[in-house]
1. Take segment 145-160 and flag every residue that is under 20 Å from Phe197 (Cβ atoms) and surrounded by 24 or more Cβ atoms within 10 Å (Cβ to Cβ).
2. Any idea which residue in segment 415-435 is modelled with the highest pLDDT, counting only those that are more than 13 Å from Val63 (Cβ to Cβ) and within 12 Å of the chain's Cα centre (by Cα)?
3. Exactly one condition in (1) assigned to a strand (DSSP E or B); (2) free of Cβ contacts under 8 Å to residues at least 60 places away in the same chain is false for Ser361; which is it?
4. Being open to solvent by less than 80 Å² (accessible area, probe 1.4 Å), among the charged types (D, E, K, R) and over 21 Å from Ala388 (Cβ atoms), is that true of even one residue in segment 293-314?
5. Being of a type in the set (D, E, K, R) and part of a strand (DSSP E or B), is that true of even one residue in segment 238-259?
6. Out of all the residues in segment 438-451, is one or more part of a strand (DSSP E or B) and either touching an Asp or Glu at 6+ places or on another chain (Cβ under 8 Å) or at pLDDT below 90 (or both)?
7. Which of the residues spanning segment 96-109 are under 15 Å from Ala156 (Cβ atoms) and either at pLDDT below 90 or open to solvent by 50 Å² or more (accessible area, probe 1.4 Å) (or both)?
8. With respect to the numbered conditions (1) modelled with pLDDT of 90 or more; (2) open to solvent by less than 10 Å² (accessible area, probe 1.4 Å); (3) not hydrophobic (A, V, I, L, M, F, W, C), which one is the sole condition not fulfilled by Gly397?
Amino acid sequence: MRKAWWGALTAGALLVGGGACGGDDSPPEDNPSSDAGTQPDAGTKLPAEEGRALAVSNGGLVVVGSTEANLATTGVDLLVRRYTASGEVDTSFGTQGSVVLDFEGPAKGSISGQREQDDRADTVAVLADGSILAAGFARGGSASNSRDFVVVKLKANGQLDTGFNKTGKSRLHFGEENSVNFVGTLRGLLPLADGRFYVGGFLTKSDGLDEDFALIRYNADGSLDTTFKSAGSPSGSWIGGAYTDAESVQGMVLQGSSVVLGGGDHFAAVRITSSGSQDLTFGTQGLAKSEGGQAHALVARPNGGFLLAGSEQDVKVGGEWHGVLKLVAYTADGKPDVTFGPAGVRQLTAPAGVLDVVDVSGLRIQADGKVLVFADVYAKPVLFRLQANGDLDTSFGTDGMVRWPETQLAVPLFVRSTTGPKLAILGDRAFVTDANVYSSGFFPDENARLLLKSTGL
């Protein structure tokens, strides 16, 4: 199941930082600051951010994304920030609570174009020792529209872990050196007990017409795990497609030594063995799929199966067309879980307040089996809670929903394609960050880019 454009790519065409696989991202000697981590120039002022994902860290929350704090010098930079459980900035972390990292600079072009071409983290994982892995993309070059995969490892205090790829940062480039053929980003992180970890996302040619699932396995030291091999993909990776037009890893679930990854068009999922091959006994000929809509989040279910959440547009409800929240439950083997709904599918079409879902950006299952879904409903953030069978939990909020009216926008602007979970559970509270909406110059207060909200469960 390989696309023709990918089949010609060989392992020798996979470059990291312009060098060998797992190469060092340290700056050249004649330009010692070109790829160094930068810190905010504004003294104690908090750098404005766009939050893309969050996780529980050090009894509080860590948020990753991007910032324009150094726009004039290094463009849009990758940002990691930590908050206490009460929502205050944790000033013991990094520099006054933040870590700003640059992979390329100086930036060129309009701000609207830079946001798709500079540096950003789209997913985060906190390890048992408190260290933090963040992953996303870096622009492929000062005159390039390509994007490389990047992974950053920080110590629990926010300092770069130089035991990881010598610099604390790793950059993965697909194609020949200095080529601009591929665009991708990482949208999922799955740490393993032995210190290795998977990252997942998408990879496409620079024309952007099609996307493939991308799965990479790293050793604990930041080098590629070249024992992870798949025919037709460079060592250390599994790249697969030919299912739909947009296949992007939005979540991963470990099943024994195999990993299930899924997301994108038609709620697709595949299972990859620890050796790097696709398990063709999974789903139907290796693919789990539910026609219609796009999945933006995946989570394991207590029964061993997994759940995908997303939206489907142009669904006719009451004689009118709407976007609806769609959930698809699969068994552990990728078959539709018919105990969850017909063909394993639930679409929320009532009450009227659940309609017109544009984007889903967070999915969690509570200890009691209830399902939390965070979504944009025409740019208005909503947290849904569902019973384990997919029914709305009407004891939660109003009709099973909690809304934050103070963040509502008068009209939808540009709703970004969702990446990474924006929902975390800390004790008996659910935290979300609403940062799907971006329009240059819209926010009057730069610090309003991150809207961290909480609600009781």
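1. Asp148, Phe149, Val150, Val151, Val152, Lys153, Leu154
2. Keep residues of segment 415-435 that are more than 13 Å from Val63 (Cβ to Cβ), which gives 415-419, 425, 427-430.
Add one more test, that the residue is within 12 Å of the chain's Cα centre (by Cα), and what stays is 417-419.
Details: Ser417: 48, Thr418: 53, Thr419: 56.
Across segment 415-435, the extreme among qualifying residues is Thr419.
3. The single condition Ser361 does not satisfy is (2).
4. Going residue by residue through segment 293-314, those that are open to solvent by less than 80 Å² (accessible area, probe 1.4 Å) are 293-301, 304-312.
Then drop every residue that is not among the charged types (D, E, K, R), which leaves 301, 312.
Then keep just the ones that are over 21 Å from Ala388 (Cβ atoms); that gives 312.
Within segment 293-314, one or more residues are open to solvent by less than 80 Å² (accessible area, probe 1.4 Å), among the charged types (D, E, K, R) and over 21 Å from Ala388 (Cβ atoms).
5. Filtering segment 238-259 for residues of a type in the set (D, E, K, R) gives 245, 247.
In the following step, the residues that additionally are part of a strand (DSSP E or B) were identified as none.
So far as segment 238-259 goes, no, none of its residues is of a type in the set (D, E, K, R) and part of a strand (DSSP E or B).
6. No, segment 438-451 has no match at all.
7. Within segment 96-109, no residue meets the criteria.
8. (2)
The values are calculated or read from the model by the stated rules, or taken from the named source; none is laboratory data. It should be emphasised that the depicted structure is a prediction, and the values quoted were computed from it without experimental measurement. Note that each Cβ is placed from the backbone with ideal geometry, even for glycine, and that neighbours are counted across all protein chains shown. For the accessible areas, the whole protein counts, side chains as well, though only heavy atoms, and no ligand, DNA or RNA atoms are used. Shrake-Rupley method; radii C 1.70, N 1.55, O 1.52, S 1.80 Å.
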